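Undergrad: I'd like to ask some things about the structure below.
The values are calculated or read from the model by the stated rules, or taken from the named source; none is laboratory data. On a predicted model such as this, the values are computed, not experimentally measured, just so you know. Here the Cβ is made from the backbone with ideal geometry for all residues, glycine too, and neighbour counts use every protein chain on show. SASA here: full protein model, heavy atoms, side chains in, ligands and nucleic acids out. Shrake-Rupley method; radii C 1.70, N 1.55, O 1.52, S 1.80 Å.
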Amino acid sequence: MEQLKNKKGFICDMDGVIYHGNVLLPGVKEFVEWLQREEKEYLFLTNASGKTPLELQMKLSRMGLNVGKEHFYTSALATARFVSQQMEHCTAYVIGEPGLVGALYECGVAISDRNPDYVIVGEVQNYNYETICKAVSLVREGARLIGTNSDVTGPSDLGIVPACRALISPIEMATGKQAYFVGKPNPLMMRTGLRILGVHSEDAAMIGDRMDTDIIAGIESGLDTVLVLSGVTSREQVSLFPYRPRLILNGVGDIAK
C-alpha cells in the first residue's frame, strides 16, 4: 500500500470504482480528498462514451464531489482523437450519444451518412434495425468500422446491459469486417491518459474494477495495478485470468485510510 501511495499519478475507472449508476460508492469522497490533499495528478478514465467531461463533472458534483472537468477522459475523446489523426478532415457515420458526437465535432470530424470514411459505434439508447442496416451498407461500401470500446456489457440503473462490443457485433457479422476498438484495454488510451497527467508509467497506478479492461490495460502500459471489489469482478473471479493485479482492495476508500 505504501508503494501505491507514493505514486505521482492515478488513473481511475469510474463505474464500479467511483459510483454505481447515480450512487457514490463508500470511501470515494475520502479518496478524492486524499488525492487533492496530497497534490496527486489524477484522471478519471472511462470506456463509457455517452457523456462529455462537463456532464461527468456535473454528475460528480451532484454526488458532492468537486472535480474539474480536466480530470475526465472518455473513450469518445480517445476515438475522436484517433480518427482525426488517422485522416485529416475525415467523415463518419455515428451510432452514439451526444458525448461521442460532440467529441468528433471538436476534432474536426464531419458527421455524414453519405460515403463516410468511418462508421463509429458507441453506446446508444436508440439502437435499432434500421441503424444496423445503414451501418452494414456503409461498411460494405468501404467505410472503416471503429468501436469506442470493447466492453460486451456495462452496468446501468437497470442492471447489466449490452455495451459497445455487443452493439457492434451484428455489423461485424453481416459484413465480415472486424472493428478496431479504441478504449481500454487499448494502450492508445492509456498512453494519452499518462500524457494528460504528465507522469511516466512507472510513477502511475491504474485503479479499476474489471480484469479484462482496467487491469490488463494497466499491466500492458506498465502501470501499477489495483483491482477494487466494488464493481463487477469478485475476488474468486481473479483466478480465472492468466494475469493478476498487484493489489486487491475492497474499494478506493482503503487507499485514504
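Undergrad: Across all directions of projection, what mean area in square nanometres is found for the Cα convex hull of the stretch 76-181?
TA: Details: hull surface 24.5 nm².
Taking the Cα atoms of the stretch 76-181, their convex hull projects to 6.1 nm² on average.
Undergrad: Calculated from the structure, semi-axes √(5λ) of the Cα gyration tensor in Å equals which of (i) 30, 22, 16; (ii) 40, 21, 18; (iii) 32, 19, 17?
TA: Matching entry in (i) 30, 22, 16; (ii) 40, 21, 18; (iii) 32, 19, 17: (iii).
Undergrad: Same structure again: Report, in debye and to the nearest 20, how large the dipole of the chain comes out about its Cα centre when Lys and Arg carry +1 and Asp and Glu carry -1 on their Cβ.
TA: So the dipole magnitude of the chain works out to roughly 100 debye.
Undergrad: Here is a further query. With every protein chain left in place, what is the accessible area per residue of the stretch 189-257 in square angstrom, probe 1.4 Å?
TA: It amounts to 43 Å² per residue over the stretch 189-257.
Undergrad: Also, I was wondering about something else. Keeping every protein chain present and rolling a 1.4 Å probe, give me the accessible area per residue for the stretch 76-181 in Å².
TA: It amounts to 51 Å² per residue over the stretch 76-181.
Undergrad: Sticking with this structure for a sec: Take the residue pairs 29/257; 184/257; 29/184; 5/29; 8/51; 69/184 and return only those whose Cα atoms are more than 23 Å apart.
TA: On the way: 29/257 12 Å; 184/257 29 Å; 29/184 25 Å; 5/29 17 Å; 8/51 27 Å; 69/184 20 Å.
From 29/257; 184/257; 29/184; 5/29; 8/51; 69/184, over 23 Å: 184/257; 29/184; 8/51.
Undergrad: Which cross-chain or sequence-distant (5 or more) residues have an amide H under 5 Å from the amide H of residue 147, H modelled 1.01 Å from N in plane?
TA: 121, 180, 181, 182
Undergrad: Further question: Pull up the cross-link candidates among the aspartates and glutamates for residue 134, meaning alpha carbon to alpha carbon under 16 Å and not fewer than 8 places away within one chain.
TA: Candidates past the 8-residue exclusion: 113, 117, 172.
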